[in-house]
Structure formats: structure tokens, C-alpha cells
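**Q** Before anything else, here's the structure in question.
Throughout, read-outs are computed from the coordinates displayed, never taken from laboratory work. This structure is a prediction, so every number in the text was calculated from the model and none was measured. As a convention, Cβ positions derive from the backbone with ideal geometry for all residues, glycine included, and neighbour counts pool all protein chains shown.
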Amino acid sequence: MKWLIIILVVLFAGWKLAIFWVSRDKSAMSLMTTDSLQAKSPLPDSATKDSVKIGGKIDTIEKKQLVLPAGDIDTKGVQPNQVVSFAKTLIGVPYLYGSTDPAKGFDCSGFITYVFKNFGIVVPRSSIDFTNIGKEVSAAQAREGDLILFTGTDSLDKFVGHMGIVVSNTDTLRFIHSTSGKQHGVTITPLSNYYKGRYVKTVRIFP
């Protein structure tokens, strides 16, 4: 009788062990199958369509999908001539992409940000964010302190990618900006045919 009990216990233990190994093998096969499917499945469309070329650089967000800020800027009673006068003191500061530091250089919107920050005026950091800011005026109506917006240097790019501050508009419209072109820094430039080809609009932010 004792031997019969021992044999039954051994058989039961063996059966449980067999079930354990079969279950483990099935789980492993399931994981292998899932991993294989994931490895073979293509990336979603959104992963391949988020990069666009903006101003000669790769931007990871398609600009036409952005919700751009709109409205007025609080100029805090500052006069346009004050802003332009201060901007002129920065002529000669070199161009440096992504910078708002005059000790190192400015990119175009970094220059704008720094000039207005000097007066405690908060403006967007990126040039494209000025697309819906202020009141649009024609180039002929532009006056000192207005902001002038251009596309980037990429001819295929139709979004705002560069900007400056109008200095004067008597015989020729002139604007001050930080350029990555020949002058390579803060300079005053007339609205030449080259910039007319990139012109988007002029906006007035001062009352």
C-alpha cells in the first residue's frame, strides 16, 4: 500500500511539472511571435511626416499644424523711436542661430526679443509666432517701429522665417535685423528686390 501511495505522489508531481514546462514554452512562443510582429510592422505615418524644412533647417513640427498666437502686444507706453534707437546700438553684433545674448550674437527673432525685453515688453520668441500678431499694414504705410516679416531663405518655404524692425520709410523702406547673410549680424537693410521676393507682411504693434 505504501508503495502505491509513493508511485501516485511521484506521478502527480511529474504531471504538475510537465504542465509547468508546457505553459512556459507557450508563453515564450507567444512573446516571440509578438516581438516579431512588432519588429516587422512599419512606423505609423505620423512618424514619417512630422519633419519639414524651415529656413534651411529641419523643424520637427509641421508649421501649418501649429496654433499660432494672435492678438495685441502690450507695449507699456513705450514709443517706437525709443525701440528703434536702442536697436541701433546693437548694430554689428554677430549672427548666432538660437541666441538672444548680445555677447555671443543674435538670430533674427532673438534680436527682436532682446530689443523689446529691454523695455519690459513681452513678444514671441519665434518669428513665425508673429504671423497673427498686431495690425497688418501695407509696406507703403509702414512706419518706424513696425515689424516686417519675411519667409525663410528656403524658396520653397512660405512660412514666416525672418523679421526685422522698420527704421524709416521715406524714400525707401529700411529695417534693422540680424541677418545670417553677407552682413552676418545686426544691420540696417533697404527693402530690396531680394527682400521683396521674400516679403510676407508688415505689422503694427504700437498704438
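**Q** Using a simple spin-label model with points 7 Å from Cα along the Cα→Cβ vector, what separation in nm is obtained for residue 76 and residue 198?
**A** Reported label-point gap for residue 76 and residue 198 is 3.0 nm.
**Q** How far is it, in nm, from the label point at residue 154 to the one at residue 85 when both lie 7 Å from their Cα along the line to the Cβ?
**A** Output for this residue pair reads 4.1 nm.
**Q** Please give me the summed charge of the neighbours of residue 190: other residues whose Cβ is under 13 Å from its Cβ, Lys and Arg +1, Asp and Glu -1.
**A** +1
**Q** So how long is each side of segment 52-204 along the principal axes, counting just the alpha-carbon atoms, biggest first, in Å?
**A** 38, 32, 32
**Q** Same structure, new question: What ranking, highest mean first, results for peptides 189-199, 164-174, 82-92 when packing means the other Cβ atoms within 10 Å averaged over each residue?
**A** By packing density, highest mean first, the sequence is 164-174, 82-92, 189-199.
**Q** If the chain between residue 137 and residue 184 were fully stretched, how many nm would it gain, using 0.36 nm times the residue separation less the Cα-Cα distance?
**A** Extra length available between residue 137 and residue 184 comes to 14.1 nm.
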